[in-house]
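Heads up, the thing below is written out as structure tokens.
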Amino acid sequence: MTDPTNHRISEPAGSATARVLAGLAGAVIVVAGATFAAGPPRKELITHDDALPYRTDRKGRTDTPFEILLAEQKPEVVVVGSSIVACAFDEAAFEKQIGMEALDLTVAGSMSATWYLVIKNRIAAANPPPKYCILGFRDTYLTVPEYRADGGYKQIVDRYVDGPEPLLDRLAYLSDLGPLEYTLRRYWAPAQRKSEIVERVEGFVKADATGFLLGHSPDEMRAAVDVVFADDRKQPSKLTKKQRRAAKLAMGNYFDFESELPESFLPEMVRICREAGIQLVLMRMRPRRNAEFPDDRSHFPTALKVDLPRYERALEAYLASESVPLLDFSEDDRIPFEWFANGDHLNREEARVGFTELLSEAFLALVARLEAQKKD
Amino acid sequence: MVFTSTAFLAFYAAVFTLYWLLSRAPRARQLQNALLLVGSYYFYGFVHPWFCLLIASSTVVDYACGLAMGRFPRARHAWLVVSLAFNLGLLGVFKYYDFFAKSFADAAGLFGWELQPIELLLVLPVGISFYTFQTLSYTIDVYRGQLQPRRNLFDFAVFVSFFPQLVAGPIERASRFLPQLEQVRRWSWAALFPALELIVGGYLKKLVVADNVGTYVDEIFELQAPTLALLAVGTLGFAVQIYADFSAYTDIARGIAKLLGFDLIRNFRSPYLAVSPSDFWRRWHISFSSWIRDYLYIPLGGSRVRTPLGFLGVLLVSLGLSGLWHGAAWNFVLWGVYHALLVFAYHQLKLGGRWEPRSRPSRAISISVMFVWTLLGWLLFRTGDIAWLGGALRHSPVGMSGVDGSAAAYTLALVLLYSSPMAVQGLVERLPSAAASSLGAFLRGAFLAAALVAITLFAGDGSNDFIYFRF
């Protein structure tokens with residue numbers, strides 16, 4: 001590749017002003033073309049995609065919206081969280097063990113932006129609202145609002161949006177941006193459609209075009225990639241893509257709870273539940289640290305040894321001040337490492353049964369304590 | 001502070017504005033250099049302020065050694081030894097001690113001696129390999145009488161710490177850079193467009209090409225047993241990634257230095273168009289390879305040695321140490337040794353030195369063959385685990401069919417997709433310059449805007465560090 005600064009400068013043709021104007025004209029045409037191609041900018045940063053695959057409910061139906069499940073079952077307890085909770089929680093067994101109507105409202109791939117919307121637009125809007133809302137999380141996930149809100153995860157978030165969501169826009173999509181990025185994302189259509197455009201371009205190249213050349217359908221191409229790059233084909237010492245992203249969150253500047261709290265959905269979730277008469281209960285899940293960080297904490301990097309415990313203490317103090325109980329399984333040795341299917345998830349057999357029993361036991365003790373406090 | 005962070009953009013905007021405001025003040029040059037010095041230390045100590053102590057100590061020691069060599073010419077050998085011992089000592093402690101301690105313990109284990117290495121586990125100060133070589137070039141040149149020792153400590157300190165090229169080069173020579181610092185700088189509109197092209201092109205290569213290709217390369221190198229087809233695609237991707245990443249840093253460094261009135265050395269010259277290993281080293285990381293040539297290879301007798309064995313010895317030392325400079329790990333040493341063997345083999349076949357193919361077809365063949373050798377070298381370089389590579393090469397199926405073939409094709413398609421901006425950039429650079437014609441200005445303006453649009457769309461959420469920061 002040649003060096004742009006090493007061009008031989010011949011006698012300039014035309015005036016300097018003409019050349020500057022020509023350069024600007026070239027730039028303007030490209031930007032205008034990109035803007036035109038991306039269409040008009042959206043007023044809201046949300047889109048709806050009803051094609052998102054959903055899970056099966058207890059009546060064997062798929063794709064049943066949460067509002068219908070809530071209206072039909074009128075649960076006393078709902079459980080919210082990501083696949084980390086979904087893999088560990090058995091709705092029917094839990095219901096039997098605690099003697100209350102329970103409903104699993106976990107969403108695979110979700111994080112705090114989705115949890116906030118589920119609580120605000122579904123659970124608090126239910127009639128009657130449930131008595132208890134158990135929200136499962138791990139590490140710093142409650143105070144990282146932008147995590148899993150964009151890209152492929154945006155469809156998940158958008159499913160629970162009913163109208164304008166200014167707080168969602170601000171915290172999940174705009175809060176981490178510099179002024180330039182913010183302005184672009186807010187008002188310039190190509191920047192707004194960034195994830196969509198990248199997914200389309202990559203999807204076309206990797207599945208459609210390559211599949212066409214090899215004589216495979218796009219679905220076959222995607223399936224092949226899923227097989228070849230599956231987690232179980234990775235070297236055991238390497239983090240998976242999702243784990244790497246999660247680890248980045250756990251290593252970044254996310255441990256200052258006091259500064260992260262106002263920029264998170266947590267205070268709003270606490271307020272919404274309180275105003276709707278729902279007792280919010282937080283449930284901290286046990287992670288199995290990756291093979292690079294053996295579970296003996298003495299081998300953890302400083303962030304996990306020092307910063308995370310400091311964050312956890314600050315979170316606990318905040319929850320105590322807001323009268324939000326915490327069911328803490330993060331260091332619970334009754335959850336052995338053999339129960340994990342991978343770094344994040346418990347296996348759906350023995351572990352699910354075992355964890356649901358632990359949760360039922362802890363929840364019943366909590367309910368008894370809360371009842372006793374009320375009587376006092 | 002990294003070039004791709006918002007903090008750096010704000011920092012640079014502030015330095016740039018103040019720098020040119022000061023150009024109107026009396027004693028402008030001194031004030032501008034003082035600003036560069038303060039700015040450079042702020043830049044370097046932004047994350048770990050104690051790093052500044054290291055660079056300051058290197059600066060003071062080499063400044064003093066330079067002065068002492070000038071004042072006591074008969075003792076200049078001793079002062080050179082002081083400078084070498086101090087700088088290489090720092091490098092040894094921070095970069096290599098743990099590696100050698102562990103390697104020694106491992107080697108002892110082979111003979112049945114159980115040794116527990118005492119590891120220091122120090123944080124590697126970014127850029128230490130770069131500024132150590134830069135400051136050593138000063139003391140060696142003064143020792144050789146090729147450069148007058150400098151009396152102005154502040155100018156010298158800016159030379160060592162100049163922020164655009166401090167952490168990942170290019171490694172400037174004192175004889176080239178100090179005179180620029182000692183001159184008055186004047187703003188030039190003519191430099192603006194070429195500088196912007198370097199900066200925007202650099203960000204394009206880093207954020208769109210290197211970071212995206214790197215994602216897919218990582219996927220392959222993290223597999224337990226990739227097929228040979230996947231390994232080949234991963235290695236090709238890495239060749240694109242490392243060139244895009246490193247040349248991006250150099251381009252941004254040169255662009256932002258140009259806006260401050262400095263001309264930094266060019267670090268790359270189409271390295272994958274090399275026709276031989278010697279040619280490759282004249283095109284790849286030029287500021288480093290020329291340093292090794294001038295301060296190691298030639299002093300060791302590389303240009304005078306007569307016997308093949310002697311020549312091979314000089315090559316193994318020079319390029320083996322070059323490999324070790326890149327990182328304290330055996331794969332880097334192997335990479336250096338591999339290149340030494342390549343240079344030697346080509347030399348024995350009378351294809352070394354300045355050899356050039358005579359016809360176009362033979363040039364095309366030479367470039368292709370050399371590119372394959374380069375890829376094999378990158379395979380060694382990228383693999384942190386030699387045992388894994390050995391296993392992968394021995395046991396992996398060829399994998400041109402079924403799901404593995406599809407995955408290889410898929411990854412290749414993405415590598416090509418994200419490499420395409422570099423190809424476009426290469427074409428645009430062959431256009432008439434913006435200063436030469438309105439058509440050139442129009443097309444280059446369009447390319448700059450397209451690059452910015454591509455960065456907006458295809459840059460990831462958080463950029464990865466530049467690869468050469470690790471070295």
Pop a pseudo-label 7 angstrom from the Cα along the beta-carbon direction at both residue A:195 and residue B:376 and give the gap in nm to one decimal. 4.5
Quick one: if the Förster radius is 25 Å, what FRET efficiency do residue A:182 and residue A:258 give, using the C-beta to C-beta distance and rounding to 0.05? 0.60
dims of region B:1-121, Cα set, principal axes, largest to smallest, nearest Å -> 70, 48, 17
The answer for region B:6-187, accessible area per residue at 1.4 Å probe in Å², is 49
Point-charge dipole on Cβ atoms (K/R +1, D/E -1) for the protein assembly as shown, about Cα centre, debye to 20: 4360
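Once R0 is set to 51 Å, what does the formula 1/(1 + (r/R0)^6) return for the Cβ-Cβ distance between residue B:364 and residue A:162, expressed as a FRET efficiency to the nearest 0.05?
That pair, residue B:364 with residue A:162, gives E of 0.25.
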Relative contact order for region B:6-187: what percent, with Cα pairs under 8 Å and sequence separation of 6 or more? 30
With a 1.4 Å probe on protein heavy atoms only, work out how much accessible surface A and B bury together, total over both chains, in Å² to the nearest 100. 4800
Calculate the radius of gyration of the Cα atoms of region A:99-177 to one decimal place, then report Dmax, the largest Cα-Cα distance, as a whole number, both in Å. 13.1, 47
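Dividing the alpha-carbon Rg of region B:219-336 by 2.2 N^0.38 Å yields what?
1.27
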Ratio of Rg to Rh over the protein assembly as shown (Cα coordinates, Kirkwood Rh, two decimals): 1.00
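Where Rh is the Kirkwood radius over the Cα pairs of chain B, the temperature 4 °C and the viscosity 1.567 mPa s, what D in µm²/s does Stokes-Einstein return?
Answer, rounded: 54 µm²/s.
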Too long at a 29 Å Cα-Cα cut-off: which of A:74/A:375; A:206/B:258; A:59/A:194; B:205/B:350; A:120/A:154? A:206/B:258; A:59/A:194; B:205/B:350
Contour minus Cα-Cα span, residue B:356 to residue B:85, at 0.36 nm per residue, comes to 93.5 nm
Tell me the relative contact order for chain B as a rounded percent, counting alpha carbon contacts under 8 Å between residues six or more apart. 18
Reachable aspartates and glutamates, given that their alpha-carbon falls under 18 Å from the alpha-carbon of residue A:234 and they are not under 8 places away in the same chain: A:226, A:292, A:344, B:218, B:219, B:222, B:385, B:404
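Taking 0.36 nm per residue of sequence separation and subtracting the Cα-Cα distance, how much length would be gained by fully extending the chain between residue A:214 and residue A:268, in nm to one decimal?
Using 0.36 nm per residue and subtracting the Cα-Cα distance, I get 14.3 nm.
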Ellipticity estimate at 222 nm from DSSP helix runs (n ≥ 4, -39,500 (n - 2.57)) divided over the protein assembly as shown, nearest 500: -17500 deg cm²/dmol
Spacing of the two label points (7 Å from each Cα toward its C-beta) at residue B:6 and residue B:186, in nm: 3.9
Report, to the nearest whole %, how much of the accessible area of chain B belongs to carbon and sulfur atoms, 1.4 Å probe, protein only. 68
Which residues of region B:438-455 bury at least 50 Å² of accessible area once all protein chains are present, versus their chain alone (1.4 Å probe)? B:438, B:442, B:453
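The values are calculated or read from the model by the stated rules, or taken from the named source; none is laboratory data. Keep in mind that this is a model prediction, so the values were computed, not measured. Positions of Cβ are generated from backbone atoms using ideal geometry, with glycine treated the same way; all protein chains shown enter the neighbour counts. When the accessible area is computed, the model is the full protein with side chains, heavy atoms only, and any ligands, DNA or RNA have been set aside. Shrake-Rupley method; radii C 1.70, N 1.55, O 1.52, S 1.80 Å.
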